[in-house]
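Worksheet: one structure, shown below.
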Amino acid sequence: MYAVCAIFLVIQVVLATALPSDPVLSSWGEGLRYDYMETDDGDLQLVDNWMKLSDYERLARYNPDNSNRYHLFTRANPSISQPLVLNNAGTVTNSNFRANRRTIILMHGFAGSITSGFNTVLVPAFLAAADVNVIALDWSAGSSWGPRAIQAGQAAGRFLNWLIRISGTTPNNFHVVGYSVGGHGAGIIARTVNGNVGYVTGCDPADRWEAGWNFRPNDGLYTEVIHTNVGNIGMTQPLAQADFYPNGGRNMPGCATALCDHYRSYYYLGESLRTGGFTGRRCANLQQALNGNCNASGTLRMGGIQPKNGNSGIFHLTTNPLPPFSRG
């Protein structure tokens, strides 16, 4: 009897030492298991590209319906936000939100927050361009793990469905804008909304991303992507109805790092809101856009406050190294 117990004890010890306590179940990135990603604020963060059991457990506990925060900015409160709280209609009726205005939804990127450069550039740019509601989504509770952008975006879409019900606004009034992993998240927000969102913009959607959850051309009535760091942080292939490749989508003039290139996507959008410019030349295919030798017939303005419904294609343009970035 004692010998049998001893054998079972030895087996348990061997299994405990042989099997990992946190087994790897899948991978959400290609290449090396560990590498560094730069956050929205420019800090380096070590990222594990392999998804372990503990990652799935944390994902199961993550509840973006509770942790997402929605900050409203308008021309009446351009600097200090008003919180809009899901299922609390009073936070909407007592705020500066107006249902008859166009509403901009902003979704920051990996490891970002409400204070990310994406928001600090685009909130004032949208308010300068038009009398709109700007709602900045803060999903910082989950943003340190990129795939959570899927759940955060779906929750934001449910929030907008609630906002539509209580305010009387319409999906056509929405312009959803996202950056990096939030660029894909913007598409997820839009496709979760009941109805057709009027305008969806992806600012250099991230290359390292969950298959099947990419930004899609039919995420809104008009969809547009600005590619500024292809083949590195940003995704190379066209994703929208209209895809713009400034400077061939890489090596932005005035930039010395990939992160600077990545940032330029929302800086270009911000400038387009304030002053227009950024006229893209139509390209016959992606390779022409990457090489900058486009000569197909037609042009289209990149960015801007109004959707360009009915337009589609791949476009190239050249920018200046310093503001103003647009060459017209």
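Yes or no: residue 105 of a type in the set (A, V, I, L, M, F, W, C) and either touching a Ser or Thr at 6+ places or on another chain (Cβ under 6 Å) or crowded, with 21+ Cβ neighbours inside 10 Å (or both)? Spell out the reasoning first.
Values: of a type in the set (A, V, I, L, M, F, W, C): yes; either touching a Ser or Thr at 6+ places or on another chain (Cβ under 6 Å) or crowded, with 21+ Cβ neighbours inside 10 Å (or both): yes.
Yes; evaluated as a whole, the condition is true for this residue.
For the stretch 235-245, state whether one or more residues are modelled with pLDDT under 95, closer than 13 Å to residue 302 by Cβ and not in a helix (DSSP H, G or I).
No; the residues of the stretch 235-245 include none that is modelled with pLDDT under 95, closer than 13 Å to residue 302 by Cβ and not in a helix (DSSP H, G or I).
Okay, residues lined up against (1) over 27 Å from residue 258 (Cβ atoms); (2) modelled with pLDDT of 95 or more; (3) touching a strand residue (DSSP E or B) at 6+ places or on another chain (Cβ under 6 Å):
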{"site": "66", "(1), (2), (3)": "yes, yes, no"}
{"site": "75", "(1), (2), (3)": "yes, yes, no"}
{"site": "81", "(1), (2), (3)": "yes, yes, yes"}
{"site": "84", "(1), (2), (3)": "yes, yes, yes"}
{"site": "99", "(1), (2), (3)": "yes, yes, no"}
{"site": "126", "(1), (2), (3)": "no, yes, yes"}
{"site": "138", "(1), (2), (3)": "no, yes, yes"}
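I'd like the full set of residues that are out of contact with any Leu (no Cβ under 6 Å at 6 or more places or on another chain), under 28 Å from residue 275 (Cβ atoms), surrounded by fewer than 23 Cβ atoms within 10 Å (Cβ to Cβ) and aliphatic (A, V, I, L, M), limited to the stretch 125-143.
Correct list: 127, 128, 130, 132.
Are there any pairs, at least 6 apart or on different chains, whose C-beta atoms fall under 8 Å, with the first in the stretch 148-164 and farther than 19 Å from residue 133 by Cα and the second acidic (Asp, Glu) and modelled with pLDDT under 95, and if so, which?
From the stretch 148-164, the pairs are 150/210.
If you scan the stretch 72-93, which residues turn out to be closer than 17 Å to residue 127 by Cα and either surrounded by fewer than 16 Cβ atoms within 10 Å (Cβ to Cβ) or charged (D, E, K, R) (or both)?
75, 76, 77, 78, 79, 80
Between a residue in the stretch 224-239 that is without any contact (Cβ under 8 Å) to a residue 60 or more places away in the chain and any residue that is of a type in the set (S, T, N, Q) and assigned to a loop (DSSP other than H, G, I, E, B), which pairs come within a Cβ distance under 8 Å, given they are 6 or more apart or on different chains?
Close Cβ pairs (under 8 Å, with a partner that is of a type in the set (S, T, N, Q) and assigned to a loop (DSSP other than H, G, I, E, B)) amount to 227/236; 234/180; 234/228; 235/214; 239/214.
Being within 18 Å of residue 101 (Cα to Cα) and in a strand (DSSP E or B) is the filter here, so list the residues in the stretch 174-221 that pass it.
Within the stretch 174-221, 174, 175, 176, 177, 199, 200 qualify.
Residues to consider are 273, 269; find the one that is in contact with a Ser or Thr (Cβ under 8 Å, 6 or more places away or on another chain), closer than 29 Å to residue 172 by Cβ and touching a residue at least 40 places away in the same chain (Cβ under 8 Å). Step through it out loud before you land on a result.
Numbers: 273 fails: in contact with a Ser or Thr (Cβ under 8 Å, 6 or more places away or on another chain).
None of the others qualify; the one that does is 269.
If you go through the stretch 263-292, how many residues are under 18 Å from the mean Cα position of the chain (by Cα) and either among the basic types (Lys, Arg) or assigned to a loop (DSSP other than H, G, I, E, B) (or both)?
Within the stretch 263-292, residues that are under 18 Å from the mean Cα position of the chain (by Cα) and either among the basic types (Lys, Arg) or assigned to a loop (DSSP other than H, G, I, E, B) (or both) number 1.
Please go through the stretch 134-156 and give me each residue that is assigned to a strand (DSSP E or B) and of a type in the set (A, V, I, L, M, F, W, C), ordered by number. Walk me through it before giving the result.
To start, the set of residues in the stretch 134-156 that are assigned to a strand (DSSP E or B) comprises 134-138.
The answer is 134, 135, 136, 137.
Among all residue pairs at least 6 apart or on different chains, which show Cβ distances below 6 Å where the first residue, located in the stretch 111-124, is on the phi > 0 side of the Ramachandran plot and the second is hydroxyl-bearing (Ser, Thr, Tyr) and at pLDDT below 95?
Pairs found: 111/39; 111/143; 111/144.
Among the residues of the stretch 293-303, write down those that are part of a loop (DSSP other than H, G, I, E, B) and either of a type in the set (D, E, K, R) or touching an Asp or Glu at 6+ places or on another chain (Cβ under 9 Å) (or both).
Residues of the stretch 293-303 part of a loop (DSSP other than H, G, I, E, B): 293-298, 302-303.
302, 303 - these are the residues of the stretch 293-303 that are part of a loop (DSSP other than H, G, I, E, B) and either of a type in the set (D, E, K, R) or touching an Asp or Glu at 6+ places or on another chain (Cβ under 9 Å) (or both).
Identify, by number, the condition in (1) free of Cβ contacts under 8 Å to residues at least 12 places away in the same chain; (2) assigned to a loop (DSSP other than H, G, I, E, B) that residue 260 doesn't meet.
Of everything listed in (1) free of Cβ contacts under 8 Å to residues at least 12 places away in the same chain; (2) assigned to a loop (DSSP other than H, G, I, E, B), residue 260 misses just condition (2).
The values are calculated or read from the model by the stated rules, or taken from the named source; none is laboratory data. From a predicted model like this one, the values you see are computed outputs, not experimental measurements. Cβ coordinates were reconstructed from backbone atoms using ideal geometry, including for glycine residues, and neighbour counts include every protein chain displayed.
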